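Below: the structure, in structure tokens.
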Amino acid sequence: MGVVIAVAAGTVVVVARQRAASGPAPQATTAAKTAKIERKDLSTTRTMPGTIGYGAARPLAGHQDATVTWLPRPGATIARGKQLFRADDKPVILFYGTMPLYRAIAGNNLVGKDVRIIADNLKSLGYAIGRQPAAGEHVVPQATAGSTTASASVEVKKGDGVLTDALIAAIKRWQTGAGLPVTGRVEVGDVEVQDGAVRIDSVAVQPGTPANAQLMSVTSTRKVITVSTELTDVAGIERADRVTIALPDDRTVKARVTSVGKNLTTADGSTGDTPKLTVTITAEDAHSIADLDSAAVEANFTGQTVRGVLAVPIEALVALTEGGYAVQIPTGLVAVTTGMFADGWVEINGAGITAGTDVVVSS
């Protein structure tokens, strides 16, 4: 070892110079990587494969004792007031509603929810229908032909419509415009009721077929995400649940569950060994998936959520030989109890565990 003596500003500085020892020099230590304990919300997520399309097709049948004379082409979109098909060369019109017509809409002051369907659709199509009696009012329906007893008054209930003179006049104007016989009454099969506009998925028959049978399959006109899942996986999924959809182009879109199927079926629609339930999901922004056709996606369903818990990255956990976990904080190793694991984080609790405290994480 050599010694060098330097004098500067009256100060004697002795510097020891060590000869290089034989063998490798010691490696510099690297500071441990740390993260902060955070107070945050954690949610579990289930990811299931799905597809973008128009949803499950459903059958549409005619209800006339007639002959089919025209059918739409697959892929066509039919909206309210447009013809779905022609029977005996007369149009069968699409109306919107929640129940099919099961009787002729005829007879002054006929009351019912089916009458409301006719009234609402004609009003939406621009026909003046006049005033409809309100719930709680009473009307006297027209006596049945051949009846010898006077009709009793009927109370109009919530959701009912009444076949008033003004509504009958509106029906006649609609029939004239639609090319139907102008009778002022709507027979079963003159219109087919669906819950909205439909897209023709496939046609089951050819012109010349009886019209009182299944004629075609239809879907919604809006693209949806369909997930087929086993009964055990659908537990906890409910209508209106929020979902995040991962698209093939790496975008994610927000969506909601619109329906959870109740019938277990196989892929071909029949009962089989591995039946599935269909979950239908609608994107909150329909335009976000409008340009995708039959694409495979991932649907991320939010499960259980805990709010405002203390959490650390999973890499901060140290497994203890006696069982359980600990984390390394500035004061030492602290045993912790764990809660929910989600998105790379874990809920923890223990002595000295507070928000903002540094914990060591493995690199």
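Miscellaneous remarks
- Full-extension gain in nm, D250 to T209, via 0.36 nm per residue minus C-alpha separation: 10.0 nm
- Remark: the range 28-102 carries 57 Å² of accessible area per residue (probe radius 1.4 Å; ligands, DNA and RNA excluded).
- Averaged per residue, the range 150-291 has 53 square angstrom of accessible surface, using a 1.4 angstrom probe with ligands and nucleic acids left out.
- Report summary: the helix-based calculation at 222 nm, which adds -39500 (n - 2.57) for every DSSP H run with n ≥ 4 and divides by the residues of the chain, gives -2500 deg cm²/dmol.
- The amide H of A204, built 1.01 Å from its N in the peptide plane, has M216, S217 as neighbours under 5 Å, considering only residues 5 or more places off or on other chains.
- The mean sequence separation of alpha-carbon pairs under 8 Å and at least six residues apart, normalised by the residue count of the chain, gives a relative contact order of 24 percent.
- Percent carbon-and-sulfur accessible area, the chain, ignoring ligands, DNA and RNA, probe 1.4 Å: 52
- Given the choices (i) 27.4; (ii) 23.7; (iii) 21.6, Kirkwood radius over Cα pairs in Å derived from the coordinates of this structure is entry (i).
- Among the lysines of the chain, pairs at least eight places apart or on separate chains and with Cα atoms under 13 Å apart come to 4.
- Label-point separation in nm, R103 to A166, each point 7 Å along Cα→Cβ: 2.4
The values are calculated or read from the model by the stated rules, or taken from the named source; none is laboratory data. None of the values given here were measured: they were computed from a predicted structure. Don't worry about glycine lacking a Cβ; one is built from the backbone with ideal geometry, like all the others, and counts go over all protein chains shown. With ligands, DNA and RNA removed, areas are computed over all heavy atoms of the protein, side chains included. Shrake-Rupley method; radii C 1.70, N 1.55, O 1.52, S 1.80 Å.
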